[in-house]
Amino acid sequence: MYLNGQMIFDDCHFLDHMASDVPIQVYRGTIHKDIGFIEYYGKEFVKVNSILYSRKQFTFISRPGY
């Protein structure tokens, strides 16, 4: 179970969110960039709303119930 606002970063976090259709929020620094469901994740990128976000440049936040 993930808390609203919890940072996700491990492969298992991304897999859990993708498999359970839990939305995530994407930030670059403190700037909100996107919110949606994970379509794909890999070693370098996470795909949300047909956009690939670098796991090194962006922060991913769990938004269960959003």
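Here are some notes:
Every residue, every condition in (1) open to solvent by 80 Å² or more (accessible area, probe 1.4 Å); (2) of a type in the set (A, V, I, L, M), yes or no:
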position	(1), (2)
24	no, yes
34	no, no
43	yes, no
53	no, no
60	no, no
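- Looking across the range 5-28, the residues that are touching a Phe, Trp or Tyr at 6+ places or on another chain (Cβ under 9 Å) and either more than 15 Å from residue 64 (Cα to Cα) or part of a strand (DSSP E or B) (or both) come down to 7, 8, 9, 11, 24, 25, 26, 27, 28.
The values are calculated or read from the model by the stated rules, or taken from the named source; none is laboratory data. No experiment lies behind these values; they were computed from the predicted model shown. A quick note on method: Cβ atoms are made from the backbone with ideal geometry, for glycine too, and the neighbour counts reach across all protein chains shown. What goes into the accessible areas is simple: the full protein's heavy atoms, side chains included, and nothing from ligands, DNA or RNA. Shrake-Rupley method; radii C 1.70, N 1.55, O 1.52, S 1.80 Å.
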